[in-house]
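Chemist: Mind looking over this structure? Questions follow.
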Amino acid sequence: MQSIAIFCGSSSGNDTHYIESAQLVGEYLAQHDITLVYGGGKVGLMGAVADSALAHGGKVIGVIPQDLVDREIAHEGLTELHVVANMHERKFKMAELADGFIALAGGAGTLEEISEQWTWAQLGIHQKPCAFLNTLGYYDPLIEMIHQMAEKQFTKQIYAEMLINSDSIESIIEAFRNYQAPHAKWTKGTVEP
């Protein structure tokens, strides 16, 4: 793993464990020479993970839309900051820069970002791993919903299982190193539900 995209909240949540978890992620990535790719903000968990990676000598690449720069939430101390036109370009650029994707706690934006990368992985647009850092069981209801998708046959079990779920950044990175992408959902000559 050369670089990991982190999707996470622009808020800090209501429990200090979320901030502490984000800081541990930043520290871990820096100490293992893994570049942090993230949304470029200085607020909430986004700011916490970036500040921690930088404080521990890590490389941090931010990708942020111009309108958020205009609202003065861009982090100004990053290794690199890519300013893009809109959210679609942000997600595409982050996907291009990263070798894997981890969702920390967050809101609608975080959920949308990790869901898109999971979808792209299913379709074979990329073969990169996706994970939830499940601090305090934050993603338990979503993991349960994903299992229900497979049970009700709205996704295949192999695609539900490709999502890595752990409360440990160490175990996620280890799983990323051993990740084998499943076959793409829509391959020529096959039709799959």
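The values are calculated or read from the model by the stated rules, or taken from the named source; none is laboratory data. The structure presented is a predicted model; accordingly, all values stated were derived computationally and were not measured. Because the Cβ atoms are built from the backbone with ideal geometry, glycine has one as well, and the counts that use them run over all protein chains shown. For accessibility, only protein heavy atoms count, side chains too; no ligands or nucleic acids. Shrake-Rupley method; radii C 1.70, N 1.55, O 1.52, S 1.80 Å.
Chemist: Do you know the relative contact order of the range 53-193, to the nearest whole percent, from alpha carbon pairs under 8 angstrom that are 6+ apart?
Modeler: The value is 19 percent.
Chemist: So in the range 1-148, what percent of DSSP beta bridges are antiparallel if you round to the nearest 5?
Modeler: Counting DSSP beta bridges with both partners in the range 1-148, the antiparallel share is about 5 percent.
Chemist: Helix 87-97 versus the longest principal axis of the chain: what angle, 0 to 90°, nearest 10, using Cα atoms?
Modeler: It works out to around 80 degrees.
Chemist: Taking the Cα centre of the range 102-184 as origin, work out the dipole magnitude from +1 charges on Lys and Arg Cβ and -1 charges on Asp and Glu Cβ, in debye rounded to 20.
Modeler: Magnitude of the dipole: close to 280 debye.
Chemist: If Rh is defined by the Kirkwood formula over all Cα pairs and Rg also comes from Cα, what ratio Rg/Rh do you get for the range 72-171?
Modeler: Computed over Cα atoms, the ratio is 0.99.
Chemist: While we're on this one: In nm, to one decimal, how far is the residue 154 label point from the residue 86 one, both placed 7 Å along Cα→Cβ?
Modeler: Going from the residue 154 label point to the residue 86 one covers 2.7 nm.
Chemist: Would you grab the residues whose amide H sits under 5 Å from the one on residue 84? Only those 5+ places off in sequence or on another chain, please, with H modelled 1.01 Å from N.
Modeler: Long-range HN contacts for residue 84: 64, 66.
Chemist: Calculate, for the chain, the solvent-accessible area per residue in square angstrom, rolling a 1.4 angstrom probe over the heavy atoms of the protein chains.
Modeler: 50 Å²
Chemist: Ignoring ligands, DNA and RNA, how do 90, 71 rank by accessible area with a 1.4 Å probe, largest first?
Modeler: Result, largest first: 71, 90.
Chemist: To continue, here is another question. Mind checking which lysines have their C-alpha under 16 Å from residue 59, skipping anything on the same chain fewer than 8 residues away?
Modeler: Result set, ordered by chain and number: 42.
Chemist: Could you name the aspartates and glutamates whose alpha carbon sits less than 18 Å from that of residue 156, not counting residues in the same chain fewer than 8 places away?
Modeler: Leaving aside aspartates and glutamates fewer than 8 places away in the same chain, those within reach of residue 156 are 116, 144, 192.
Chemist: Over all alpha-carbon pairs in the range 130-184, figure out the percentage whose distance exceeds 12 Å.
Modeler: The share of Cα pairs beyond 12 Å in the range 130-184 comes to 66 percent.
Chemist: Of all the stretches in the chain, which is the longest one without any exposed loop site, taking chymotrypsin sites (Phe, Trp or Tyr not before Pro) in a DSSP loop (any state but H, G, I, E, B) with at most 12 other Cβ atoms within 10 Å?
Modeler: It runs 1-153.
Chemist: Now, a different point. Could you give the size of the charge dipole of the range 1-160 about its Cα centre, using +1 on the Cβ of each K and R and -1 on the Cβ of each D and E, expressed in debye and rounded to the nearest 20?
Modeler: 340 debye
Chemist: Setting aside same-chain residues fewer than 8 positions from residue 152, which lysines have a Cα under 26 Å from its Cα?
Modeler: Cross-link targets: 128, 185, 188.
Chemist: Moving on. In whole Å, what is the distance between the alpha-carbon centres of the range 12-31 and the range 53-92?
Modeler: The range 12-31 and the range 53-92 have Cα centres spaced 18 Å from each other.
Chemist: Next question, about the same structure. Taking 0.36 nm per residue of separation and subtracting the Cα-Cα distance, what length does fully extending residue 96 through residue 144 add?
Modeler: 14.3 nm
Chemist: While we're here: Treating the angle as unsigned and between 0 and 90°, give the value, to the nearest 10°, between the Cα long axis of helix 16-31 and the longest Cα principal axis of the chain.
Modeler: Taking Cα atoms only, the helix is inclined about 90 degrees.
Chemist: Continuing with the same structure: From largest accessible area down, sort 183, 147; use a 1.4 Å probe on the protein chains.
Modeler: Result of the area sort, largest leading: 183, 147.
Chemist: Just name one of 135, 24, 4: the one whose Cα is farthest towards the positive end of the charge dipole of the chain (beta-carbon charges, Lys/Arg +1, Asp/Glu -1).
Modeler: 4
Chemist: Sort 119, 110 from largest to smallest accessible area, using a 1.4 Å probe on the heavy atoms of the protein chains.
Modeler: Solvent-accessible surface, decreasing: 119, 110.
Chemist: Lys and Arg at +1, Asp and Glu at -1: add these up for the other residues within a Cβ distance under 13 Å of residue 46 and post the number.
Modeler: 0
Chemist: Using 17 Å as the cut-off for backbone N distance, which residues of the range 87-120 belong to the label zone defined by a point 7 Å from the Cα of residue 184 along Cα→Cβ?
Modeler: It comes to 96, 117-120, nothing else.
Chemist: Another question, then. Using +1 at the Cβ of each Lys and Arg and -1 at the Cβ of each Asp and Glu in the range 1-131, identify which of 124, 54, 66 lies farthest towards the dipole's positive end.
Modeler: Toward the positive end, the furthest listed residue is 124.
Chemist: By how many degrees, between 0 and 90 and to the nearest 10, does the Cα long axis of helix 140-151 differ from the longest principal axis of the chain?
Modeler: The helix 140-151 is inclined about 20 degrees to the chain.
Chemist: Can you give me the % of accessible surface on the chain that is carbon or sulfur? Probe 1.4 Å, all protein chains present, nothing else counted.
Modeler: 51 percent
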